[in-house]
Amino acid sequence: MSAAIAAALTVALLLLEAPGGALAQGAGRGRGNNNVLKRSKPTPADLDRSILVEWRQGSPQLQRVWSDDNAPVSAWEGVTVGAQGRVVKIELENLWLMKPAGGAYPYSSGDKLTSVPAALGGLTALETLNLGINQLTSVPAELGRLTVLTRLDLGGNQLTSVPAELGGLTAMKTLSLNGNQLTSLPAELGRLSALTWLELGHNQLTSVPAVLTNLAALEYLNLGENQLTSVPAALGRLAALKTLGLGINQLKSVPAELGRLTSLEELHLEQNQLTSVPVELRQGRTLVHVRAQLEQLQDTFMS
């Protein structure tokens, strides 16, 4: 069937189903032809559905785990629908391990997501987006329109950067960017005033991004498994911090200002090049988790 014929059939069907159409009103015969036929306006739930259907149609990986376009999206693996039919959660971590829609195995690493459409920014009720452990090399700036998003997981991909527009996600509490190839962060992320959990481990950071010192609500910060050679004294301003991961880097020292982190409960400094730890970190506190590197420094740290 040609595209022109298909389009004509679609228009005809809309006219038949519209108010006053043949299917709805018996064609309104005998009552004149003054009715203006209008298609009903799509609801936000309809728009959510169309975005996911479009994503599925353009992604062979999603077609493996999401059934046909006519199925309700609430039945699709990893999709949660909330009030009024809006999509509130998408969890596609490790997509290649998800059960196929038809139940047919095997799966392969070739079934990982490789891209995310800009249209995803139209899911304005989305609260959780988990795309971890796939093969994404970038994410669209339009994700910055997801203003009610509270959790974004992009860990375990191949990102070399993240868009500055993510700084507009001021409701976000959890951001996971671990296991990528990041060398820096955009300054705009300093506007994430609600952020309490930031995972940046296993990247290619050679210095601690200055933007981190603006995230006053942070309780968990992991910078382990990078290439850090120093830690800025300004991290001592993160008064809410409970867990700080600096293990498996190239640190020869840590600043005394970390002693100001009075809420700190866990400090990870293992597998660095430390020879001592500031006395300010040792005074008036008991850290509940100090791994191998500090165990070798018991005389200076645990005294």
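The values are calculated or read from the model by the stated rules, or taken from the named source; none is laboratory data. Nothing here was measured: the structure is a model prediction, and the numbers come from that model. Virtual Cβ from ideal backbone geometry, glycine too; neighbours counted across all protein chains shown.
Of the residues making up segment 250-260, none is in contact (Cβ under 8 Å) with a residue 40 or more places away in the chain and either among the hydrophobic types (A, V, I, L, M, F, W, C) or farther than 25 Å from GLU127 by Cβ (or both). Residues in segment 240-252 that are in contact with a Leu (Cβ under 7 Å, 6 or more places away or on another chain) and either of a type in the set (A, V, I, L, M, F, W, C) or part of a loop (DSSP other than H, G, I, E, B) (or both): ALA240, LEU241, LYS242, LEU244, LEU246, GLY247, ASN249, GLN250, LEU251, LYS252.
The lone criterion from (1) at positive phi; (2) at pLDDT below 85 left unmet by GLU225 is number (2).
Residue pairs whose Cβ atoms lie under 6 Å apart, sitting 6 or more positions apart in sequence or on different chains, and linking a residue in segment 136-152 that is crowded, with 19+ Cβ neighbours inside 10 Å and part of a loop (DSSP other than H, G, I, E, B) to a partner that is modelled with pLDDT of 95 or more and among the aliphatic types (A, V, I, L, M), are VAL139/VAL116; LEU146/LEU126; LEU149/LEU126; LEU149/LEU169; LEU149/MET172.
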